[in-house]
Amino acid sequence: MTSIRHHPSDELLLAHAGGWLPAGPALVTTVHVEQCTRCAARLALLQETAGQWLEDTPASALHPHALERVLAALDVCDEPEPPASLQGPPPLPAGMAWPRALAGLQITPWRWIGPGMRYSRVRLAGDDAFVFLLRLVAGKYLPRHVHTDREFTQVLCGSFHDGRAQFGAGDFDVADSTVHHLPVVQSGGECVCLTAVQGSLAFDGLYGRLLGRLAGLS
Ligand SMILES: [Zn+2]
């Protein structure tokens, strides 16, 4: 993909390289890196730098939960939740493939949450981050909302504009508690996004609050 305009910051990539991101945001970042040659190169450089820094840093100076988080991330890779009622990942718009980083994870069937709006939960073992896929047709929007913490999003196909900028396939976004936005899907097909939310979302208006409750987002 050559038209990617929105990338994770170097600070975020460094946290990813060090294994310090919770599993949900780490998964969204991994999917971006899989789709972005620029960030793959920067991550490789940062991993090399972080590796050198770890070698030069006494273990006592490490983040207190660094090992725990690395082990939790490994657990996610090695032992996904048993797929008790898994019916296979839900279908995608024509021509779109699942990112490799989602292989083996439990992804629920699409659930209707409103006209032209579907939602699917991505389950990660041992993580309190909320990870989901949203699939919206052109012209639909996620009601205006704010976040108590951070919301990490990778656009898998289609595009949306949230009043700050346009985000297309391959773009990455982090919205924190200062962002109060209303993402609207642009013309030209459906939009599918992978999102990890830390904390919760607070929607404006009755419809937004109902939608949030229905999808378990707030
Ligand atoms: Zn990138």
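The values are calculated or read from the model by the stated rules, or taken from the named source; none is laboratory data. Being a predicted model, the structure only gives us computed values, none of them experimental. FYI the Cβ positions are ideal-geometry reconstructions off the backbone, even for glycines, and counts take in every protein chain you see. Protein only, heavy atoms only, side chains kept; ligands, DNA and RNA dropped before computing areas. Shrake-Rupley method; radii C 1.70, N 1.55, O 1.52, S 1.80 Å.
Just for region 115-127: of the residues that are open to solvent by 10 Å² or more (accessible area, probe 1.4 Å) and out of contact with any helix residue (DSSP H, G or I) (no Cβ under 8 Å at 6 or more places or on another chain), which one is modelled with the lowest pLDDT?
Per the stated criteria, the residue is Pro115.
Would you confirm, using the coordinates I've provided, whether Gly88 is surrounded by fewer than 16 Cβ atoms within 10 Å (Cβ to Cβ) and modelled with pLDDT of 80 or more? Steps first, please.
Values: surrounded by fewer than 16 Cβ atoms within 10 Å (Cβ to Cβ): yes; modelled with pLDDT of 80 or more: no.
Answer is no for this residue.
Could you list, in sequence order, the residues of region 102-114 that are open to solvent by 40 Å² or more (accessible area, probe 1.4 Å), out of contact with any strand residue (DSSP E or B) (no Cβ under 7 Å at 6 or more places or on another chain) and in contact (Cβ under 8 Å) with a residue 24 or more places away in the chain?
Correct list: Gly104 only.
Can you find, within region 1-20, the residue that is surrounded by the most Cβ atoms within 10 Å (Cβ to Cβ) among those that are among the aliphatic types (A, V, I, L, M) and out of contact with any Leu (no Cβ under 8 Å at 6 or more places or on another chain)?
Among those that are among the aliphatic types (A, V, I, L, M) and out of contact with any Leu (no Cβ under 8 Å at 6 or more places or on another chain), it is Ile4.
Looking for something of a type in the set (Val, Ile, Thr) and free of Cβ contacts under 8 Å to residues at least 12 places away in the same chain - is there at least one such residue anywhere in region 18-32?
Residues of region 18-32 that are of a type in the set (Val, Ile, Thr), as a first pass: 28-31.
Remaining after also requiring free of Cβ contacts under 8 Å to residues at least 12 places away in the same chain: none.
No, that holds for no residue.
Would you pick out the residues in region 21-44 that are open to solvent by less than 30 Å² (accessible area, probe 1.4 Å), part of a helix (DSSP H, G or I) and within 8 Å of the ligand (Cβ to nearest atom)?
Correct list: His32, Val33, Cys39.
Residues of region 155-175 being more than 16 Å from Gly188 (Cα to Cα) and in a strand (DSSP E or B), which ones?
Phe172, Asp173, Val174, Ala175
Please enumerate the residues belonging to region 147-168 that are within 13 Å of the chain's Cα centre (by Cα) and in contact (Cβ under 8 Å) with a residue 40 or more places away in the chain. Outline the logic, then answer.
First pass over region 147-168, keeping only residues within 13 Å of the chain's Cα centre (by Cα): 150-156.
Correct list: Arg150, Glu151, Phe152, Thr153, Gln154, Leu156.
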